[in-house]
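> One structure follows; several queries about it will come next.
The values are calculated or read from the model by the stated rules, or taken from the named source; none is laboratory data. What you are looking at is a predicted structure, and each value in this text was computed from that prediction instead of being measured. Positions of Cβ are generated from backbone atoms using ideal geometry, with glycine treated the same way; all protein chains shown enter the neighbour counts.
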Amino acid sequence: MLLLHESLGSPIVGVVCCKVDPFRESSDEEIKIGQISMLAVRSDRTNKGYGTQLMEEAEHRLLELGCKYASLDLLQPAEWQHDVKTWLAQWYERLGYK
């Protein structure tokens, strides 16, 4: 789990979890797949680049763990559209996720 502070001793601004995914295997046993989840940024600190910083650090940590790919799941309601989830899906796509 990665936590982000604006400065030393300040309240937490955001959080993201990243780990090697033990349930997803690649066709090549040498390739590890990372998992990124639970990204959150305080509502009063959005649109300041903190989410991007957290994602970049999570990706960096996964590379250090030997992961060549990362996966993330965006859970969405099946019966209706959630505006924030729709925005997040587009944001993840801009970061290069499909």
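> For the stretch 14-32, which residues satisfy the criterion of being at pLDDT below 90 and either surrounded by 11 or more Cβ atoms within 10 Å (Cβ to Cβ) or aromatic (Phe, Trp, Tyr) (or both)?
Matches in the stretch 14-32: 21, 23, 24, 25, 26, 31, 32.
> Another question about this same structure. Residues of the stretch 88-98 being touching a residue at least 12 places away in the same chain (Cβ under 8 Å) and in a loop (DSSP other than H, G, I, E, B), which ones?
Result: 95, 97.
> Just to be sure before I move on: is residue 63 modelled with pLDDT of 90 or more and in contact with a Gly (Cβ under 7 Å, 6 or more places away or on another chain) in the structure I sent?
It is false that residue 63 is modelled with pLDDT of 90 or more and in contact with a Gly (Cβ under 7 Å, 6 or more places away or on another chain).
> For the stretch 33-50, enumerate the residues that are among the basic types (Lys, Arg) and either crowded, with 18+ Cβ neighbours inside 10 Å or part of a helix (DSSP H, G or I) (or both).
Residue satisfying the conditions is 45 alone.
> Continuing with this model, one more query. If a residue must be surrounded by 12 or more Cβ atoms within 10 Å (Cβ to Cβ) and either part of a strand (DSSP E or B) or at positive phi (or both), how many such residues does the stretch 51-87 contain?
6
> Now for a separate question. Residue by residue through the stretch 30-63, note down the ones that are touching a residue at least 40 places away in the same chain (Cβ under 8 Å), among the aliphatic types (A, V, I, L, M) and over 13 Å from residue 95 (Cβ atoms).
62 - this is the single residue of the stretch 30-63 that is touching a residue at least 40 places away in the same chain (Cβ under 8 Å), among the aliphatic types (A, V, I, L, M) and over 13 Å from residue 95 (Cβ atoms).
> List, please: which pairs have Cβ atoms under 8 Å, are six or more places apart or on different chains, and start with a residue in the stretch 64-85 that is without any contact (Cβ under 8 Å) to a residue 24 or more places away in the chain and closer than 12 Å to residue 39 by Cβ and end with one that is surrounded by 10 or more Cβ atoms within 10 Å (Cβ to Cβ) and among the hydrophobic types (A, V, I, L, M, F, W, C)?
That search, which allows pairs on different chains as well, returns 74/88; 74/89.
> Going through the stretch 86-98 one residue at a time, which ones are closer than 14 Å to residue 37 by Cα and either in contact with a Pro (Cβ under 7 Å, 6 or more places away or on another chain) or among the hydrophobic types (A, V, I, L, M, F, W, C) (or both)?
Hits for the stretch 86-98 are 88, 89.
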